[in-house]
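Encoded as structure tokens, the structure appears first; notes follow it.
The values are calculated or read from the model by the stated rules, or taken from the named source; none is laboratory data. Quick caveat, the model's predicted, so the values are computed rather than measured. Here the Cβ is made from the backbone with ideal geometry for all residues, glycine too, and neighbour counts use every protein chain on show. All accessible areas refer to the heavy atoms of the entire protein, side chains included, with ligands and DNA or RNA removed. Shrake-Rupley method; radii C 1.70, N 1.55, O 1.52, S 1.80 Å.
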Amino acid sequence: MSDQAYDSAKNDLDTIAKAFGFVVIQWGQAEQSLDLIVALLWHSFEGKQHARKIPFMLEPKVAFLRKCFASLEALHPLKGDADFLLKEFERLSALRHDLIHGAIASLAPVDGHFVLSKLDVREGYHHVREVRIAITAYPQLVTELVALGRRSHELGTKIFDFVKNAEDAAK
């Protein structure tokens, strides 16, 4: 490999690593706020009646939170915010999952796309699926992930305030 080809491949790998790394970091920030919401509702708003154990994976967390916001009257003022947030987590989680569990299929963009190879298991068999993410769609993904983190944090803060106010009123 020539020095120029090596430098080009290294630059492409750096670009992919930064792009995918941002997704990982930002998703972690957003989901950690979601975890705090789950913990607050589990411990302070009778959340234990909606799950046998505190949920740790995304799908059970979303289901748990939907049950809490649907049934706990004190949380009804926040239900619209929660519904929107949970839909965004669901919508963005498939792409995040493909990025995290996929393998880079090409260091250089292919027809304007990041290309990954994703191994799925269906009906006991492995299937290879190509995942393409348009480079032009990446700035929108960044915007959506930052908004997800911000909304998740804001909802957690509002619920924390509900808990604090309820505890202060009980004193």
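Assorted remarks:
- Using just its DSSP H runs of length 4 or more, each adding -39500 (n - 2.57), the chain gives a mean residue ellipticity at 222 nm of -23500 deg cm²/dmol after division by all residues.
- Listed by number, the DSSP H helices of the chain that run 30 Å or longer by alpha-carbon position along their axis and have mean Kyte hydropathy of at least -0.5 are 3-44, 79-101, 138-170.
- The local environment of Asp98, defined by Cβ-Cβ distances under 9 Å, has a net charge of +3 under the rule Lys, Arg +1 and Asp, Glu -1.
- Amide H contacts of Val110 (H built 1.01 Å from N, in plane; Pro and chain starts excluded): Val115 sit under 5 Å, all sequence-distant by 5 or more or on other chains.
- Taking only the Cα atoms of segment 71-130, the radius of gyration and Dmax are 17.8, 52 Å.
- At 0.890 mPa s and 25 °C, Stokes diffusion of segment 91-171 via Kirkwood alpha-carbon radius, µm² per second: 155
- Heavy-atom accessible area ranking, 1.4 Å probe, most first, across Thr143, Thr157: Thr143, Thr157
- In this structure Arg132 has an accessible area near 100 Å², from a 1.4 Å probe over the protein heavy atoms.
- When Lys48, Lys18 are compared by accessible area at a 1.4 angstrom probe, the order from most to least is Lys18, Lys48.
- Debye intensity ratio I(q)/I(0), log10, segment 111-158, q values 0.26 Å⁻¹ (C-alpha model): -0.87
- Between the amide H of Val131 and those of Leu116, Ser117, Lys118, distances stay under 5 Å, these residues lying 5 or more places away or on another chain, with hydrogens modeled in the peptide plane.
- Relative intensity of segment 21-68 on a log10 scale, I(q)/I(0) at q = 0.17, 0.18, 0.19, 0.27 Å⁻¹, equals -0.47, -0.52, -0.56, -0.94, per a Debye sum over C-alpha point scatterers of equal strength in the absence of solvent.
- For Leu119, neighbours were defined as the other residues whose beta-carbon sits under 14 Å from its Cβ, and their charges (Lys and Arg +1, Asp and Glu -1) total 0.
- Over all projection directions, the Cα-based convex hull of segment 29-107 averages an area of 5.9 nm².
- Pairs of Lys residues in the chain are counted when their Cα atoms are under 17 angstrom apart and they lie 8 or more places apart or on different chains; the count is 11.
- Over 20 Å [Cα-Cα, segment 15-155], rounded percent: 53
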